[in-house]
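One structure is given here, and the rest of the page talks about it.
No lab work stands behind these numbers, since they all come straight from the coordinates. Computed from a predicted model, the values in this text were never measured in an experiment. We place every Cβ from the backbone using ideal geometry, glycine too, and count neighbours over all the protein chains shown.
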Amino acid sequence: MNVDKLIRMANQIGSFFEAMPDRPQALQDIALHIQRSWDPRMRAALLAELDSRPGTEGLTPIVGEAVRTHRKSLEGSP
């Protein structure tokens with residue numbers, strides 16, 4: 001799986017939700033979109049790559065925060 005493509009896709013999702021005035025809701029919606037729309041293997045590849053990097057390198061700040069905050073929901077099945 002091309003992890004750079006997954007990071008780019010996650011950042012595109014984040015750019016859509018970034019304009020929301022309610023940041024906690026935006027974070028939840030980013031994670032929910034990834035959790036519902038991505039195959040579990042895609043989510044696992046993204047999380048494994050992020051575990052091998054310092055912080056959430058490569059992700060935009062809002063996506064990095066969404067992944068950190070809602071990681072448990074991203075690890076499970078949809």
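What is the Cα convex hull volume of the range 33-78 when expressed per residue in Å³?
66
By the compact-protein rule of thumb, 2.2 N^0.38 Å, the alpha-carbon radius of gyration of the range 17-59 corresponds to a ratio of 1.29. Within the chain, the longest run free of exposed loop sites, counting GluC sites (Glu not before Pro) that sit outside DSSP helix and strand states (H, G, I, E, B) and have at most 15 other Cβ atoms within 10 Å, spans 19-56. Largest first, the three principal axis extents of the alpha carbons in the chain are 33, 26, 18 Å in whole numbers.
Give, rounded to the nearest 20 debye, the magnitude of the charge dipole that the range 37-78 has about its Cα centre when Lys and Arg contribute +1 at Cβ and Asp and Glu contribute -1 at Cβ.
Numbers: 6 positive and 6 negative charges, 22 e Å.
Computed charge dipole of the range 37-78: roughly 100 debye.
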